[in-house]
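The values are calculated or read from the model by the stated rules, or taken from the named source; none is laboratory data. The structure presented is a predicted model; accordingly, all values stated were derived computationally and were not measured. Because the Cβ atoms are built from the backbone with ideal geometry, glycine has one as well, and the counts that use them run over all protein chains shown. Remember, those area values only see protein heavy atoms, side chains included, never the ligands or the DNA or RNA. Shrake-Rupley method; radii C 1.70, N 1.55, O 1.52, S 1.80 Å.
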Amino acid sequence: MAKNLVIVESPGKVKTISKVLGRGYVVKASIGHVRDLVRSKKGQRDGAIVLGIAKDFTPSYETLEKKKKVVDELRKAAKGADKVYLCPDPDREGEAIAWHLAEALELNPERIVRVTFDEITPRGIKAGLAAPRAIDMDRVNSQQARRVLDRIVGYKLSPLLWEKIVRGLSAGRVQSVAVKLLVEREKEIQAFKAEPYWTVGATFSHDQRDFEASLRGLDGRQVVSSAEDLAKFKTGQGQMGASGIVRTLIKDSNEAKSIVDALRPANYEVSFYEVKEVVDRPYPPFATSQLQQAAANRLGFDAKRTMRVAQQLYEGVPLGEEGPVALITYMRTDSFRISVDALKECRAVIEQRFGTKYVPEKPNMYASRAGAQEAHECIRPTHVEMDPEPLKKYLSDEQYKLYRLIYQRFLACQMVPAVFDATTADIAASGPGTRNAVFRANGRVMKFDGWLAAQGGAAAATHVEAPAVDREKGDESESSGPEGSDEDAAIGKKQAPAVAKKKPAGGSQLLPPMQTGDKPKLERIDPEEHFTQPPPRFTEASLVKKLEREGIGRPSTYATILSTIQDVGYAQKLGAGGRGAFMATPLGIVVTERLSANFPSIMELGFTRDMEGELDKIEKAHLDWKKVIADFYGPFEREFQKARRDMVSTKEQGEKTDVLCPDCGSPMEKRLSKFGYYLRCTKAPECKATLRLDAQGNVQKKVGPQPTGIKCDICGSDVAKSTGRFGDYLHCVKYPTKECTFTMKLNKEGHPIRKFKPIPTDRLCEKCKGPMVVRVTWRGKIRRPFLSCSNFPKCRAAMDLPPELAALGEQAMAQWVVADAKNKADLKVYLETQAAQEKEREPEEVET
């Protein structure tokens, strides 16, 4: 009996799908894309960008060199199949891959079936096969248009930047706008000037319980107590605004001291006290953007790491004897939609684990963001009954953490709200000079944990202090907490408090029971000076949030964008992982300024947002995709030709400085490289002297090799730390002489690490014919040897180690164990040496 051929993207799905479908199906993987746009050739800069620019923008494609063998194998398998099921991932890119497969394999349209799997489970696989369809050419054309536009922009602008600024730069339709956001924020920070304001805080006691309060009213006006209040005060000059509030500012220490001196002996009485029940609704389930934000904020994962681990959970993780089991649904989605079956299962699990009172009368429904495709469900567990804790022993640490995050969010989204008692007390001062002062105290206590039960007791107890989420959109925001809003802040008015964004005085304190007329005792009162803070730099979470809200790019592309802008040197991350903040580099600033001046349209957020809308209409409204490209290309080409003539080049002449060359005494000029600004002698190339500049433009003194405490592996000499053109590195003190060539790199944490030396074999790579070597890697928590091309990363051919090379595998593992032990021992010595040097550099305290 002839078999059916099923083609998926990832080899990780093959085993699971084969097991579910049985003997009537052969499952093979395309390993991603098999075709791409033709590459430009020498002397064909414009015409080869897309071989249809001069005609009707019909692109030309070619089979990727590294995929020719894969295509041949798939073509051979397809010849003997009754039907070919094209099953790449269920998104636009997956749809395009399915079309490219049909074209590259030259398949008969009558034998093609397009099938998608939202989850790699028996239920998801059978559901996909039960809903076959034709390839959606609108989705394919939408993806083609994106790819062509990106190629046009990249292949036009990148060579221009090479010519005018620095060789090796790149630009992109979405990438460049993302960098612009970082540059604009950096300029805001540089231009920022801190402004002072004063507040008055107090501690009161009542019924043997202390609580915190802050001065909120003075002379019938609201006291400025935050940077937001200060901005509103300055805008309205203290006059009544639209909200009916008149503000007053404690402008200096003298005024603050006089207020405190007058209030210290005053009498105090509770003028308003109210306990109001507040409900705290659960967050929506995860879509791609929200998962990236939450993983960055809570786990410290960058977007690239989040998507890599999510891909593993989607494709399947070995769970003991069960084999690979898919733990989550497809992780590239912009929807909060949940299937009917998943809702039923989720509600049943909640009732079983927490009780009936935690299950809402009707399922909680969440509206997705405007413009969302909603082609798939939200990101959720495929088996809601599979709690993260029993699976922990099978998962790597990062897999477990991400799965737990997804699992808890999904359970919580279908639970009832948490209920709090929010307490507000106004305490009025009376006596000479008190100026009708009123202190405000806020408290909050949990009555019912509701959805917070799914997060665990610690999360519930500290919820007021935890990162909040825009409940409508599911976005991870920076802070949360209840406080009186502008409307309730008109002190003296007996109004119920609302829930606002700012943190209350006393945080989540528990106020003692009081009633109007009670007289709490003043225990402490102090003035405090504050300064306004510059806008924060974007983190991965906040930049993803900004990009999505502005409609720039699509969530599935954010991980690549954030990685690329760092790789090309336009931004650097201050701190590791997802919590590190992005800072635009001098190179990023220069490139952004040049592009903004010469290509104002593609650098405008509104234009990029509208272009995304047009690309979406190709799929949703059958818009002519070639016309969309043509409408873009005409104005863009005119801007490009003008920029080639007018863009100022940084290569022609450097900026003159007063610094003299340390070698020949000639003036030095400021130049830009891929690694930032530096000084070069004006007598170059005869004089090769250069000086490094730091981020503030100050000349960095050349520091000689620094001791590390580590010994050389080759000759036993000391190993020193130096700075090269690519950053810090370690080397033998005899390097770079012929006596010794030992060097070591520093990893992302700044720790020394030996590079594993691959073990050569007599086998040749099937792709590039280079020699194959044995390396060591790990999947999950297990290290293992594997066979890899020695030309990595140019050639990424790799495979499991064959049995006949088992001895080399054992040798590789033994070699890795030795290197790992040396790294751990050296790290301790290195850190101790660094700490000692830092201590020596600290200035001695001078007795005065």
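Can you pick out the pairs among Lys68/Lys546; Lys156/Lys794; Lys66/Lys304; Lys683/Lys745; Lys734/Lys757; Lys156/Lys627 whose Cα atoms lie more than 29 Å from each other? Could the numbers behind the result be given before it?
Working: Lys68/Lys546 40 Å; Lys156/Lys794 24 Å; Lys66/Lys304 24 Å; Lys683/Lys745 34 Å; Lys734/Lys757 21 Å; Lys156/Lys627 20 Å.
Over 29 Å Cα-Cα: Lys68/Lys546; Lys683/Lys745.
Just to be sure I understand, if you calculate mean projected area of the Cα convex hull in nm² for this structure, which of [x] 39.2; [y] 34.1; [z] 46.1 do you get?
Evaluating mean projected area of the Cα convex hull in nm² on these atoms matches [z].
Enumerate the amide H contacts of Phe301 below 5 Å, restricted to partners 5 or more residues apart or on another chain; note that Pro and chain-start residues carry no placed amide H.
Sorted by chain and number, the residues that satisfy this are Ala296, Gly578.
About the Cα centre of region 632-790, how large is the charge dipole given +1 on each Lys and Arg Cβ and -1 on each Asp and Glu Cβ? Please answer in debye to the nearest 20.
Numbers: 33 positive and 17 negative charges, 157 e Å.
Using only the charged Cβ atoms, the result is roughly 760 debye.
Enter the accessible area of Asp150 (Å², nearest 10), with the probe set to 1.4 Å and all protein chains included.
Accessible area of Asp150: about 60 Å².
Kindly express, to the nearest 10 degrees and within the range 0 to 90, the angle between helix 253-263's C-alpha long axis and the longest C-alpha principal axis of the chain.
Roughly 50 degrees, rounded to the nearest 10.
Can you give the charge dipole size of the chain about its Cα centre, rounded to the nearest 20 debye, using +1 on the beta carbon of Lys and Arg and -1 on the beta carbon of Asp and Glu?
On the way: 134 positive and 115 negative charges, 678 e Å.
Magnitude of the dipole: close to 3260 debye.
Helix-only mean residue ellipticity at 222 nm, the chain, DSSP H runs n ≥ 4 weighted -39,500 (n - 2.57), per residue, nearest 500. What is it?
Details: 20 runs with 279 residues, N = 848.
One gets -10500 deg cm²/dmol as the mean residue ellipticity at 222 nm.
How many angstrom lie between the Cα centre of region 53-73 and the Cα centre of region 114-178?
Region 53-73 and region 114-178 have Cα centres spaced 15 Å from each other.
Could you point to the residue in Ala262, Thr288, Ala326 farthest towards the positive end of region 255-326's charge dipole, with +1 and -1 charges on the Cβ of Lys/Arg and Asp/Glu respectively?
So the residue we want is Thr288.
Which of the three applies to region 506-664, rounded, prolate or oblate, going by the alpha-carbon gyration tensor with a ≥ b ≥ c and a/c under 1.5 meaning rounded?
oblate
So for region 390-445, taking the charge dipole from beta-carbon charges (+1 Lys/Arg, -1 Asp/Glu), which of Pro390, Ala437, Leu411 sits furthest toward the positive end?
Pro390
Give me, ordered by chain and number, the residues 5 or more places off Arg337 or on other chains with an amide H under 5 Å from its own placed amide H.
The list, which skips near neighbours in sequence, is Cys378.
List the residues whose amide H sits under 5 Å from the amide H of Ser673, counting only those 5 or more places along or on another chain, with H placed 1.01 Å from N in the peptide plane.
Tyr678
Charges at C-beta only: +1 for Lys and Arg, -1 for Asp and Glu. How large is the resulting dipole of region 623-699 about its Cα centre, in Debye rounded to 20?
Details: 15 positive and 12 negative charges, 38 e Å.
Around 180 debye, computed over region 623-699.
If the reach is capped at under 16 angstrom between alpha carbons, list the lysines near Lys83, excluding any in the same chain fewer than eight residues apart.
Result set, ordered by chain and number: Lys3, Lys28.
Going Cα to Cα from Lys276, which aspartates and glutamates come in below 13 Å? Please leave out same-chain ones fewer than 8 positions away.
By straight Cα distance, Lys276 reaches Asp421, Glu483.
Give the distance, in whole Å, between the Cα centre of region 267-336 and the Cα centre of region 516-551.
24
Using heavy-atom solvent-accessible surface (probe 1.4 Å) with all chains present, what is the largest-first order of Lys738, Lys828? It would help to have the intermediate numbers written out before the result.
Working: Lys738 205, Lys828 135 Å².
Result of the area sort, largest leading: Lys738, Lys828.
When you count, for each residue, the other Cβ atoms within 10 Å and take the mean per peptide, how do 97-106, 567-576, 518-527 rank with the highest first? Could you put the intermediate results ahead of the total?
On the way: 97-106: 21.1, 567-576: 17.9, 518-527: 15.3.
In descending order of packing, they fall as 97-106, 567-576, 518-527.
I'd like the distance separating the alpha-carbon centroids of region 555-626 and region 787-805, in whole Å.
35
Per residue of region 212-219, in order, report the coupling 6.51 cos²θ - 1.76 cosθ + 1.60 (Karplus, θ = phi - 60°) as ³J(HN,Hα) in whole Hz, putting x for Gly and Pro.
Coupling constants for region 212-219: 9, 8, 10, 5, 10, x, 8, 6 Hz.
Can you give me the % of accessible surface on the chain that is carbon or sulfur? Probe 1.4 Å, all protein chains present, nothing else counted.
The nonpolar share, carbon plus sulfur, comes to 51 percent.
Taking the chain as the reference, fit the longest principal axis to its C-alpha atoms, fit the long axis of helix 605-620 to the helix C-alpha atoms, and give the angle between the two in degrees, 0 to 90, nearest 10.
Between helix and principal axis, roughly 60 degrees.
Against the longest alpha carbon principal axis of the chain, how many degrees, from 0 to 90 and to the nearest 10, is the axis of helix 303-315 turned?
60
If you roll a 1.4 Å probe over the heavy atoms of the protein chains, what accessible area per residue do you get for the chain, in Å²?
That works out to 50 Å² per residue.
At 7 Å along Cα-to-Cβ for each site, give me the label-to-label distance between Arg645 and Leu510 in nm.
7.7
Show me the ranking of peptides 577-586, 434-443 by mean Cβ neighbours inside 10 Å, starting with the highest. Before the final figure, lay out the partial values.
Working: 577-586: 20.9, 434-443: 22.5.
By packing density, highest mean first, the sequence is 434-443, 577-586.
Sort 177-187, 328-338 by packing, meaning the average of other beta carbons within 10 Å per residue, with the highest value first. Kindly include the intermediate steps, with their values, before the conclusion.
Values: 177-187: 22.0, 328-338: 24.0.
Highest to lowest by the protection proxy: 328-338, 177-187.
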